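Asker: Sharing a structure, written as structure tokens. Questions coming.
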Amino acid sequence: MSVVFRASAIVTALAATLVVLTLAGCGQNGPLYLPVAPPMPQPLPPEQGSAPAGTALPASAASGL
């Protein structure tokens, strides 16, 4: 009886190995690679005559007069 259990264990181990190897590359075509990220866009230069970011507008400009 122990021979049957031993043979069953071997067959089960081989079947599990076959399943793992079959599913390891499931859906993968070709080699694996990491995509290259596009470069970050350059910031726009400040417009002439505009206040730098973070500066407060004068009271007359803020009221719209």
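The values are calculated or read from the model by the stated rules, or taken from the named source; none is laboratory data. The structure presented is a predicted model; accordingly, all values stated were derived computationally and were not measured. Using ideal geometry, Cβ is built from the backbone for each residue, glycine included, and neighbour counts are taken over all protein chains shown. SASA here: full protein model, heavy atoms, side chains in, ligands and nucleic acids out. Shrake-Rupley method; radii C 1.70, N 1.55, O 1.52, S 1.80 Å.
Asker: Per-residue accessible area for T17 at 1.4 Å probe radius, Å² rounded to 10?
Answerer: Spelled out: T17, probe radius 1.4 Å, area about 80 Å².
Asker: Compute the distance in nm between two label points, each set 7 Å from the Cα along the Cα-to-Cβ direction, one at L44 and one at T12.
Answerer: Here the answer is 6.8 nm between the modelled labels.
Asker: Going by the alpha-carbon gyration tensor, a ≥ b ≥ c the square roots of its eigenvalues, is region 7-47 rounded (a/c under 1.5) or, if a/c is not under 1.5, prolate (a/b greater than b/c) versus oblate?
Answerer: Details: a/c = 9.49, a/b = 5.59, b/c = 1.70.
It is prolate, given that a/c is not under 1.5 and a/b is the larger ratio.
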